[in-house]
1. Output the number of residues of region 142-180 satisfying the condition of being closer than 22 Å to Tyr112 by Cβ, part of a helix (DSSP H, G or I) and free of Cβ contacts under 8 Å to residues at least 24 places away in the same chain.
2. What do you reckon, is Thr85 within 22 Å of Leu261 (Cβ to Cβ), touching a Pro at 6+ places or on another chain (Cβ under 8 Å) and buried (at least 22 other Cβ atoms within 10 Å of the Cβ)?
3. Just a yes or no: is a residue in region 246-258 touching an Asp or Glu at 6+ places or on another chain (Cβ under 6 Å) and not polar (S, T, N, Q)?
4. Restricting the search to region 253-269, which residues are among the aromatic types (Phe, Trp, Tyr) and surrounded by 24 or more Cβ atoms within 10 Å (Cβ to Cβ)?
5. At pLDDT below 90 and surrounded by fewer than 23 Cβ atoms within 10 Å (Cβ to Cβ), is that true of Met290?
6. State yes or no: is Thr183 closer than 30 Å to Val141 by Cα, at pLDDT below 90 and not in a loop (DSSP other than H, G, I, E, B)?
7. What's the number of the only condition in (1) surrounded by fewer than 17 Cβ atoms within 10 Å (Cβ to Cβ); (2) within 15 Å of Ala217 (Cβ to Cβ); (3) modelled with pLDDT under 90 that Leu93 fails to meet?
8. So in region 54-82, with the set limited to residues that are among the hydrophobic types (A, V, I, L, M, F, W, C) and touching a Ser or Thr at 6+ places or on another chain (Cβ under 9 Å), which one is surrounded by the most Cβ atoms within 10 Å (Cβ to Cβ)?
Amino acid sequence: MAYWFKRKTILADKLPLHFLKQKSVAIGLMVILGLAFLAIFAPYLAPYDPVEVDLYNNLLPPSWEHPFGTDNLGRDVLTRVIYATKTDILASLFIVGISVSIGLFIGIFAGYYGGIIDKVLVGMMDTFLALPEIILALVLVGALGPGIFNAALALSLFGWVKYARVSRGLTLSIKEKEFIEATKAVGFGDFYLIARHIVQNTVAPITTLAALHLGHAILSLAALGFLGLGAQPPMPEWGAMLNEGRVFLRVGWWLSVFPGLMIMITVLAFNSLGDGLRDALDPRMKEVMMK
């Protein structure tokens, strides 16, 4: 056990230096911090009201007054892109948070207790894996009704499987360690063992998975928004803005280009950060993710 904690400490000490050596990770982290800044201070940074209609200035191309142009209703695209950053980031954090909570609980519970419980839960995981996550989300959002909350809820309820698989595998490995047996011999119960040892030893790979999942959540939200099942007008959201700009693509290319660029940049940033975390915290996760 002493070796394990010593190994974790050394790894944690080397993590910042490891990040500094990777330009892609550093750039990704700076982009994410910039996006967080936009999301937090959107009301102060946006030059206009995101829902204010001005039909006299509709479909204006990019200019000094409107750097990203205006849409068909005369709304400033830059303002709506900034406010959409807050919408998409908060929704993706909600998706990942719920997915991690459900997946961690089910995976640890299945791996720790085993037996018939493990078989039932693994069967449930395999069932969810057999169907595309976005298709299940489409069905659920169709039943619940369109909206950003329903879209995020649907994606979170079907995004837990990857966390359950990883946490179950780690639990099966950790519970066979000698320090687990020693802790049981001292008289500590299951709750202490799970909270003190198993959960703490799954933090690194789960954090890596969560960083990669954030980019996937952004894409899934944009897909639902593009189909009209995500954020509803007049709420600004990148996927919904892509759908709105699709109709005016020939006369207003900027309506789709700038939201699309934000989606691409955000996903690349989260993927770069996730790859860096994976390589720094647990290189073995690369093999897991490739399967």
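The values are calculated or read from the model by the stated rules, or taken from the named source; none is laboratory data. The structure presented is a predicted model; accordingly, all values stated were derived computationally and were not measured. Methodologically, a virtual Cβ is constructed for each residue, glycine included, from the backbone with ideal geometry; neighbour enumeration extends over all protein chains shown.
1. Residues in region 142-180 being closer than 22 Å to Tyr112 by Cβ, part of a helix (DSSP H, G or I) and free of Cβ contacts under 8 Å to residues at least 24 places away in the same chain: 2 in total.
2. On the way: within 22 Å of Leu261 (Cβ to Cβ): yes; touching a Pro at 6+ places or on another chain (Cβ under 8 Å): no; buried (at least 22 other Cβ atoms within 10 Å of the Cβ): yes.
Considered against the rule, which asks whether it is within 22 Å of Leu261 (Cβ to Cβ), touching a Pro at 6+ places or on another chain (Cβ under 8 Å) and buried (at least 22 other Cβ atoms within 10 Å of the Cβ), Thr85 comes out as no.
3. Taking region 246-258 as the starting set, the residues that turn out to be touching an Asp or Glu at 6+ places or on another chain (Cβ under 6 Å) are 255.
Right, trim to not polar (S, T, N, Q) and you get 255.
Yes, because at least one residue in region 246-258 is touching an Asp or Glu at 6+ places or on another chain (Cβ under 6 Å) and not polar (S, T, N, Q).
4. Taking region 253-269 as the starting set, the residues that turn out to be among the aromatic types (Phe, Trp, Tyr) are 253-254, 258.
None - no residue of region 253-269 is among the aromatic types (Phe, Trp, Tyr) and surrounded by 24 or more Cβ atoms within 10 Å (Cβ to Cβ), so the list stays empty.
5. yes
6. So Thr183 does not fit the description; no.
7. Result: Leu93 fails condition (3) only.
8. Taking region 54-82 as the starting set, the residues that turn out to be among the hydrophobic types (A, V, I, L, M, F, W, C) are 55, 59-60, 64, 68, 73, 77-78, 81-82.
Going one step further and asking which of them are touching a Ser or Thr at 6+ places or on another chain (Cβ under 9 Å), we end up with 59-60, 68, 77.
Working: Leu59: 15, Leu60: 18, Phe68: 21, Val77: 28.
It comes out as Val77.
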